[in-house]
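The next block holds one structure in the form of structure tokens; read it before the comments.
The values are calculated or read from the model by the stated rules, or taken from the named source; none is laboratory data. Worth saying up front: this structure is predicted, and the values here are computed from it rather than measured. Note: ideal-geometry Cβ built from the backbone for every residue, glycine included; neighbour counts use all protein chains shown. All accessible areas refer to the heavy atoms of the entire protein, side chains included, with ligands and DNA or RNA removed. Shrake-Rupley method; radii C 1.70, N 1.55, O 1.52, S 1.80 Å.
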Amino acid sequence: MKFAVKKALSSSGARVGVLEVGSCPAPIETPALLLATRKGLPHFISPELLPSLPSPDSNLLQVSPLHFLEGLSTTTISKIGGLHQMLGLKQHGIAAVPRDSIQCLPESKAATRLGASFETPCGRLLIKPKDYIEMISCMKPNIWASLADEVPAWVSEKRNKTSVDRTLRWLDDCISLYPAAGSIFGAIVGGTSLEERKRCAEEVAKRNVSGYWIGGFGLGEGIDERPALLREVMDILPDEKPRLTCGLGLPEEILQGIAAGIDLFDSTYIYSLTLGGFALTFSLDKSGEQHNLQSDQIGSDSTKINLRATAYRKDMSPILENCTCYTCQNHTKAYINHLLNVHEMLAQTLLEIHNTHHYLRFFHVIRGAIQDGSFEEFRQAFLESRREHFKGEAIST
Amino acid sequence: MASAERQLEEQLREAGNKLLDPPSSVDELLPLLDPPPPQNFRSPLFTLQSTLTPFSSPSRHSLVRFHPVMRNSIAIAVPLRLRPNISNTLPHHKFRPTCFHSHEGHTISCVPYSAPQTKPMALHFEILGRFNRARAAQLTLPHFVCQTPLFMPVGTQGTIKGLTNNELERIGCQIILGNTYHLALRPTSELLEEAGGLHNFMNWPRAMLTDSGGFQMVSLLHLADITEEGVTFQSPVDGKPMLLTPEESIQIQNRIGADIIMALDDVVKTTITGPRIEEAMYRTLRWIDRCIAAHKRPHDQNLFGIVQGGLDPELRDICVKGLVDRNLPGYAIGGLAGGEDKDSFWRVVAQCTAALPEDKPRYVMGVGYPLDIVVCSALGADMYDCVYPTRTARFGTALIPEGVLKLKHRAMADDTRPIDPTCPCMVCKNYTRAYIHCLVTKDAMGSQLLSYHNLYYMMRLSRNLHTSIVEGRFPKFVCDFLQTMFPKGDVPEWVCNAMEVAGIDISSCCAPFPSCQEKYSSDEIGTNDIHMELRLTHTRSVVVY
């Protein structure tokens, strides 16, 4: 893995970089989105349709090794030759992170000094560094985060301090057990305590890692608490190594993270939208302005539309007129509305394609804004105009 | 004079009885006594005989030699004309000489025969190759040109579960099936009409077939009741009493706009016996006329009639004759695939395919197991549909040449082979059994991948059937197929019997069990070889002078 910063803004921490990973056909520009997966493949998008997404933007996937505990032994994965071989995704970059924010959630109460605990579909699992390293060495991802003890925002100071101690110890275990690591990203936790965040970042920065995985977000802290915490961490971390974070999914959070200096994001937003029958429609205008495109539609706002609404029963137009995704090029809102009504899986497939495509284009526009030096204006305009035209917005996540 | 009058009176009464709503005047009734126009059709007695007596034992060599010109006949636009084999000098059913016009303009033999074209047809059916009863053809429909034998995946509610259109095209699907009952409920046929038809609505560029809705109703609804008027049922949406008449079914299908539409038939389970079957068969014939009358788009939608009659050969024959009289673009064999024993099943198919016209497609409804499809193709059927491949995929079962592979099984958890090493589909090229095992029944992607593979398997089977017939190696294909599926030689008896009638020698695949080979003793095979060869030279299915 190779990473280089191409342009950094002085006004904020935002930067554009280039990431070369494994056998990806072309270098990937950051800030970039890692696609959420279940057992290595997207939830609904078939491998045949993955190439229809913008490339190489869509070539980064986030995989949780814990998914495979449900039915695939590490020896079998080894025999097959690793994740890339097993998933038929030889030209993709895979980042292995235990937490996937959808189904593998850190359970801080059950963590011990021996290992981190996760709530998964196969129950509560205690993952020790040794087991984790075994999984990683069999799976051979391009990037992997060290094992972290993530805690929610409301734990005691003592518990928070313990989590930082454990995370650092496990990082050392990971490094020593697998020194020829693909590309280890050191995990940085610390909850909502500025001191702990700083301490953790300092310690991790001392280790020989290829990048940083900033965890502990999306676990109960307020969106306004985050900038300070992020800044605390970013000020210490060296600029030339990439930063990956978990738990920042909404567009506002993405912009927040980019402003602080994060390069890679996972996102469960797309999955939640898809399950709810929503399709993203917010404007991808370069200025960040969010014109209200569909204000008169019931069940919609300017950011997304709910295709379950009966208003779309006879709507023979695509979700977005100038969207080049497979869904918008081939299908209409009426068809997706029908599929949702009859509970057909194809609805989720089509929605996931569109939403992923749209979000990847969003990142593309952001990168353009950073290159032009207009990122702060973009962010300002985006945030202000996004919620302008309605009051009672409820995001179901 | 009086006796002639009495005879006429008798005939009139008989004809009148057959009609549900007999005309009041004798003048209207008289034309019904006229014999029907000559059809490409064999007498019932003949077909019964043909199903019950086997073909003369085929030699081990391929029976069919194709003239090189005919191999190129794919480019021909002239429809195939067939001569009915009326004079039957040999005790067994034999093949008819066929007529081709090659692309170079050569005319090869034959007595041209044309069936009266009293109805417009929106399809073109051209046989490209044969082996005994099996045939490979090109079926030209308004939206797509298809190769038969073919399998049609079922896309109940306007989608094949989980697969996108471009995946379906990649797999090679030619026709997909839509269920009228489901579509009429949601999103309603009126909406589909507004959208420009189901093709437009789901953006499927190839061909489509809709069933009449009758089968779903009797199988899905406990309170469905069939009367002369139609099928009365309780709407599952709001509980209102509803009535599906033949006219209504055709109207809905006209709005949906598929290339092929099915007549509403009175379908009964084959496990039922008694007068109900006869009633259903006659009612199907009465309903076909109502369907024909109600059909507003004969120029771009083909109405297929459905042969009913349970397992009774006489009823089946009456039904076939009645439908053939109506000169429909194609015919379906219905009422099967409902739990009857296989031995009865193949006999009904054999009888119907023997009796239905040669130059029109034959669709065996609900037939989906690969073995059944091979047998029915050998007997002369062209089109099939079934939910089996996609449904079994959702339960974690994959279709492979050896049979089925249950991917849920623990043994699959560390099997690093592909599902089918011989299959070139995306799933078999990229994924192992172990990986699919960890997905199936737990994640949507698992059923997507398995559906993909299973449908690919069915399409591959269809393509293989077509090309092996066209290329003159159908018997070998059947033998290889059976050998792979029954490596110990335990081919089921019903398959052996059916293949005998189909004139395909599968002795090489069958273990020496008495049931399979009792008809021939070893010396019989030896001494008759030469005689058989001589006889067979006169009876090749494709004769080139």
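Observations, loosely collected:
- From the C-alpha gyration tensor of the stretch A:277-393, square roots of 5λ in Å: 27, 17, 10
- The stretch A:211-323: mean projected area of Cα convex hull, nm²: 8.8
- Dimensions of the stretch B:273-397 along the principal axes, based on C-alpha atoms and rounded to the nearest Å, stand at 45, 37, 26, largest first.
- Rg/Rh for the stretch A:33-146, where both radii come from Cα atoms and Rh is the Kirkwood radius: 0.97
- Legend: calculated FRET efficiency, B:Glu190 to B:Thr441, from the Cβ-Cβ distance at R0 = 35 Å, rounded to 0.05, equals 0.40.
- Charge tally around B:Ile160: other residues with Cβ under 10 Å, Lys/Arg +1 each, Asp/Glu -1 each, net -1.
- Student exercise, the stretch A:277-393 dipole from Lys, Arg, Asp, Glu Cβ charges, in Debye to nearest 20: 300
- Summed side-chain charge close to A:Leu307 - residues other than A:Leu307 whose Cβ falls under 11 Å, Lys, Arg +1, Asp, Glu -1: +3
- Protein-protein interface of the stretch B:442-476, residues with accessible area decrease of at least 40 Å², isolated chain reference, 1.4 Å probe: B:Lys442, B:Asp443, B:Ala444, B:Met445, B:Gln448
- Qualifying aspartates and glutamates (Cα of each under 14 Å from Cα of B:Lys296; at least 8 residues distant if same chain): B:Glu193, B:Glu247, B:Glu248, B:Asp259
- Summing charges over all other residues whose Cβ lies under 10 Å from the Cβ of A:Ala110, with Lys and Arg as +1 and Asp and Glu as -1, gives 0.
- Using the Cβ-Cβ distance between B:Ser508 and B:Thr422 with R0 set to 22 Å, the FRET efficiency works out to roughly 0.60.
- Shown for the stretch A:2-273: the carbon plus sulfur share of the solvent-accessible area, taken with all protein chains present and a 1.4 angstrom probe, equals 50%.
- Contact residues in the stretch A:61-77 (at least 20 Å² less accessible area with all protein chains than alone, 1.4 Å probe): A:Glu70, A:Gly71, A:Leu72, A:Thr76.
- Expressed per residue, the C-alpha convex hull volume of the stretch A:2-273 stands at 118 Å³.
- Mean separation of Cα contacts under 8 Å, 6 or more apart, over the residue count of chain A: relative contact order %: 16
- Max mean-square fluctuation residue, GNM over chain A, Cα-Cα springs under 10 Å, options A:Pro42, A:Pro51, A:Pro242: A:Pro51
- Calculated on the alpha-carbon coordinates, the convex hull of the stretch B:185-305 measures out at 109 cubic angstrom per residue.
- In the stretch A:94-172, inverting the average of 1/r over every pair of distinct C-alpha atoms gives 12.9 Å as the Kirkwood radius.
- Kirkwood Rh in Å, taken over the stretch B:124-502 so that all alpha-carbon pairs contribute: 21.2
- For the stretch B:328-382, fraction of C-alpha pairs farther apart than 16 Å, in %: 32
- Excluding ligands, DNA and RNA and using a 1.4 Å probe, chains B and A jointly bury around 3500 Å² of accessible surface, summed across both partners.
- Nearest-10 value in Å² for the accessible area of B:Arg394, using the 1.4 Å probe: 80
- Averaging Cα coordinates gives a centre for the stretch A:128-206 and one for the stretch A:70-92; these two points are 24 Å apart.
- Efficiency of FRET between B:Arg170 and A:Gln380 - r from beta-carbon atoms, R0 51 angstrom, step 0.05: 0.65
- Carbon and sulfur %, accessible surface of the stretch B:124-502 computed with the full protein complex present, 1.4 Å: 53
- If you wrap the Cα atoms of the stretch B:258-303 in a convex hull and average its projected area over all directions, you get 3.5 nm².
- The distance from the alpha carbon centre of the stretch A:227-261 to that of the stretch B:202-281 is 61 Å, rounded to a whole number.
- Counting only protein heavy atoms and a probe of 1.4 Å, the accessible surface of the stretch A:277-393 is 47% carbon and sulfur.
- What the Cα atoms of the stretch B:131-225 give is an Rg and a Dmax of 15.0, 46 Å.
- In the full protein context, the stretch B:124-502 carries 31 Å² of accessible surface per residue, based on a 1.4 Å probe and ignoring ligands, DNA and RNA.
- A loss of 40 Å² or more of accessible area (1.4 Å probe, protein heavy atoms, ligands and nucleic acids excluded) relative to the isolated chain is seen in these residues of the stretch B:178-193: B:Arg186, B:Leu191.
- The residues of chain A expose, per residue, 36 Å² of accessible area to a 1.4 Å probe.
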